[in-house]
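Take a look at this one; I'll ask things after.
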Amino acid sequence: MRDEAARLARALEWIVRLPLCGDRELAGLMGVDEHDARRLIHLLAAQGWVETVAAASPELEPRRLAVLRGAAVPALAAACGRDLASLAGAVPARPRDLAGRLAALETSARVNRFLAELASDLESSGIARLDDARSLPLALPRSERWWLPGVEGYGCLRAGPLHAPFLVAWDRAAAPDVHRRRRLGDWFAASGSAGRRWGREGLPPVLLVCPSAREARVWEDALTRREEAGPVRLDVLLTTGDELHAAGAGEARWRRPGRAPAPLAEQLGWGEAPVVREVRIGPALDDCTPPLRRTGRSPGRSAFDRAASGHGGPVWQRLADLALATSAAEKTLVEWVARHPLLGAAELAELTREPAGAIRRRLERLASCGVIGADAQPPGRAAIPGAGDAGEPRYLLTELGMRLLAAHAGVPPATFARHGGVTVVPGPGRPRPRALRHREHTLGVNRVAARLARGARAAGWRLAQWRNEAESTHRFLAEDGRIAWIRPDASGVLVRGAAARPFLLEYDRGTLDSGDYHAKLEGYRRYYAAREWEGHFPREPALLFVCSDRRAEHRVRLAVDGWSDRVAVLVAAGWQCRDQCVELLGSVRGRRADDAHVKRDHRGDSGGAVEALAPARGSDGETGNAGSGSPGPRAGEPRGRRR
């Protein structure tokens, strides 16, 4: 019985240190199987120490995750031999700490998974063991914090008398590059004061996990500039989520900029015990007065009721409630509305491959929670053909919804609103965003997306990515050493099996003159000449012009005629799509080049943009590798990508 009580105490320690632990994470941290970990969580819940929540996310598998109950904090402080203030300064035990983890659920879950897999891999290898790990307590005053701002966790390895502490930072794909550079600047600015708290051993290294190689290059470039500017007091080790997934936490290769990668145990500095005080539960839990058992509604049900009522609590509480109350499918819709404003239910149904009725119900519920807002057809304007039901509401992201996405991305709201590639309902006195000022253009691009998704499915392909203008904009150094840029209206990738067909989209309403076309095409010429698409697409993207009417089509054809013999250029008459039964781009004319740069003509009504971009199986060399480069999210899970 005493052994069982000690195991319960150890399980509670890990759940307190790392909120939102599941049975899989607890099993890795404790060295037990998942069945035993699940039983320990159940016993702790039965005694009133913890409760489990089911926060859904399109990025995570549905599981119940354990957290310390607020009512159990006084009893826990007594069990640890601390007062409440001391406990709140050591582990994330306050309600606001838990709310912050819920709002950033994906990051919290992945940090916990990484630490648990690291503990398991080290235990199997016998090299060392994970002696301590915890999520950081934001209740501690900034002047007393021993970690760098914006890092997500702390851990410490132990091999005999030697210790190797480290900090953990998780980079989210939706974070803009400007945030990455500012985050690094904040670390350098705080490294002096934080480092002094670590004594002669100095500040431990930061383990930074990047979503892909592209983001890792952004961090490496910023770190290299810092090193060139002067002495560096900060050690940052980089890896990617793909590397962790392929090699495992224990064998993944970590690297410093300009140096060879190596496993983590070889990269860390080993020395004396760290200054961070351990959190241990002294006596067995049987000797402690258990907290009162929870009565009434579950945390998820309570959060659902508060979110639906739109209560006026603090923003941090509302974000936590929304994280618990919204489903994975609803979170996906929020992302779509944020990055592609003025979408309607019919278009979202095409893009997400979900029934339109279910989409409408989810949108209405999100609107009632204040995450999105309906933007009805302006008075005096006719309904857009093919856009769905006449007068169907179109949706925009609200300020609350933007804050929810910013928390998911780990980015300050002001930075995310400006650089995150989202469009937010303008507040009083604020200028209308570009997408709303050019409403007809925005609606036209949305129609292209929906019909392209439908046409791709009919041709046996899938619209795996659809990026908005901000995510598709790219600045680069041209071959003459000057800064150049492209700003397509959207971009995407069609996939079928291992084949991928990326494209850049220009939606033209006939409002540009010849000079505008010249500047636009010159930017694309430089883009293709510098092969700037590498790292962003699995192969060279086609350049697709979709024209709203005959006049626009005529102007575009004159502009692109003879423009390039090497780039795949498609001109499509989108105005021929008169109802939802007609595939997008029913008539494609113009020039197109395959991978061997052999020009081809597509004429008449037998083809289509989908066929031209993604030809039938066995034709046009179906050799594209959808797994190479930086493929990004599948349709239904748009992802921020700022260059």
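The values are calculated or read from the model by the stated rules, or taken from the named source; none is laboratory data. Everything quoted here is computed from the prediction, not taken from an experiment. So basically every Cβ, Gly included, is an ideal-geometry build from the backbone, and we count neighbours across all protein chains shown. What goes into the accessible areas is simple: the full protein's heavy atoms, side chains included, and nothing from ligands, DNA or RNA. Shrake-Rupley method; radii C 1.70, N 1.55, O 1.52, S 1.80 Å.
Could you work out the relative contact order of the range 161-306? I mean the mean sequence separation of Cα pairs under 8 Å and 6+ apart, divided by the number of residues, in percent.
It comes to 27 percent, rounded to a whole number.
Could I ask something else about it? Once fully extended, how much extra length lies between Ala6 and Arg353, figured as 0.36 nm per residue of separation less the alpha-carbon to alpha-carbon distance? Numbers along the way, then the final one.
Values: separation 347, 0.36 × 347 = 124.92 nm, distance 4.98 nm.
Once the chain is fully extended between Ala6 and Arg353, it gains 119.9 nm.
So if we plug the beta-carbon distance of Glu61 and Ala229 into 1/(1 + (r/R0)^6) with R0 = 30 Å, what FRET efficiency do we get, rounded to 0.05?
Values: r = 43 Å, r/R0 = 1.45.
Computed FRET efficiency for Glu61 and Ala229 comes out at 0.10.
State the percentage of accessible surface on the range 178-247 attributable to carbon and sulfur atoms; use a 1.4 Å probe and exclude ligands, DNA and RNA.
Values: 1530 of 3360 Å².
Answer for the range 178-247 is 46 percent, counting heavy atoms of protein chains only.
Using a 1.4 angstrom probe, figure out how much accessible area the range 6-108 has per residue, in square angstrom, rounded to the nearest whole. Before the final figure, lay out the partial values.
On the way: 3570 Å² over 103 residues.
Value returned for the range 6-108: 35 Å² of accessible area per residue.
Another question about this same structure. Would you please give the FRET efficiency between Ala308 and Arg531, computed as 1/(1 + (r/R0)^6) with r the Cβ-Cβ distance and R0 = 51 Å, to the nearest 0.05?
Working: r = 51 Å, r/R0 = 0.99.
Taking R0 as 51 Å, the efficiency between Ala308 and Arg531 is 0.50.
With θ set to phi - 60° and the Karplus curve 6.51 cos²θ - 1.76 cosθ + 1.60, what are the ³J(HN,Hα) couplings of the range 210-224 in order, to the nearest whole Hz, using x for Gly and Pro?
Values per residue, Gly and Pro as x: 9, x, 7, 5, 4, 5, 4, 5, 4, 5, 4, 4, 5, 5, 4 Hz.
Tell me which residues come under 5 Å, amide H to amide H, from Gln465 once H is placed; ignore anything under 5 positions away on its chain.
Under 5 Å from the amide H of Gln465 lie the amide H atoms of Val493, Ala635, each far enough along the sequence or on another chain.
Work out the FRET efficiency for Leu436 and Ala247 from their Cβ-Cβ distance, taking R0 = 56 Å, and round it to the nearest 0.05. Provide the component values of the computation, followed by the final result.
Working: r = 46 Å, r/R0 = 0.82.
E(calc), rounded to 0.05, equals 0.75.
Taking +1 at the Cβ of each Lys and Arg and -1 at the Cβ of each Asp and Glu, which of Ala159, Ser125, Gly192 sits farthest along the dipole of the range 120-217 towards its positive end, judged by Cα position relative to the Cα centre?
Farthest towards the positive pole: Gly192.
Where does the range 496-552 land on the Kirkwood hydrodynamic radius, alpha-carbon pairs, in angstrom?
Values: mean 1/r = 0.0770 Å⁻¹.
One over the average 1/r among Cα pairs gives 13.0 Å for the range 496-552.
Separate question: How high is the relative contact order of the range 46-184, in percent, counting Cα pairs under 8 Å that sit 6 or more residues apart? It would help to have the intermediate numbers written out before the result.
Details: 155 pairs, mean separation 24.0, N = 139.
Relative contact order, the range 46-184: 17 percent.
Need the full-extension length gain, Arg475 to Arg200, defined as separation in residues times 0.36 nm minus the C-alpha distance. One decimal, nm. All intermediate terms of the calculation are to be shown ahead of the outcome.
Values: separation 275, 0.36 × 275 = 99.00 nm, distance 4.38 nm.
Using 0.36 nm per residue and subtracting the Cα-Cα distance, I get 94.6 nm.
Please sort 298-305, 499-506, 426-433 by packing, taking for each peptide the average over its residues of neighbouring beta carbons within 10 angstrom, highest first. Display every interim value, and only then the final one.
On the way: 298-305: 16.6, 499-506: 24.2, 426-433: 9.4.
Result, highest mean first: 499-506, 298-305, 426-433.
Might you tell me the accessible area per residue for the range 135-270, computed with a 1.4 Å probe and given in Å²?
Working: 5860 Å² over 136 residues.
Result: 43 Å² of accessible area for each residue.
Using mean Cβ contacts within 10 Å as the protection proxy, how do 447-460, 251-264 order, highest first?
On the way: 447-460: 22.3, 251-264: 16.1.
Top to bottom by mean Cβ count within 10 Å: 447-460, 251-264.
A follow-up question, please. What ranking do 205-211, 140-146 get when scored by the average of other Cβ atoms within 10 Å per residue, highest first?
Details: 205-211: 22.9, 140-146: 12.0.
Ranked by mean Cβ neighbours within 10 Å, highest first: 205-211, 140-146.
Please list, in chain and number order, the residues 5+ apart from Arg253 or on another chain whose amide H is under 5 Å from its amide H, with Hs placed from the backbone.
The answer is none.
Can you give me the distance in nm between label points at Arg551 and Arg457, each placed 7 Å from the Cα along the Cα-to-Cβ direction?
In this crude spin-label approximation the distance works out to 3.5 nm.
Quick check for you: which residues of the range 107-126 have the amide N under 17 Å from the point 7 Å beyond the Cα of Ala159 toward its beta carbon?
118-126
Here is a further query. Mind listing the long-range amide H neighbours of Thr240? Cut-off is under 5 Å, sequence gap 5 or more, other chains count too, H placed in the peptide plane at 1.01 Å from N.
Result for Thr240 returns Cys210.
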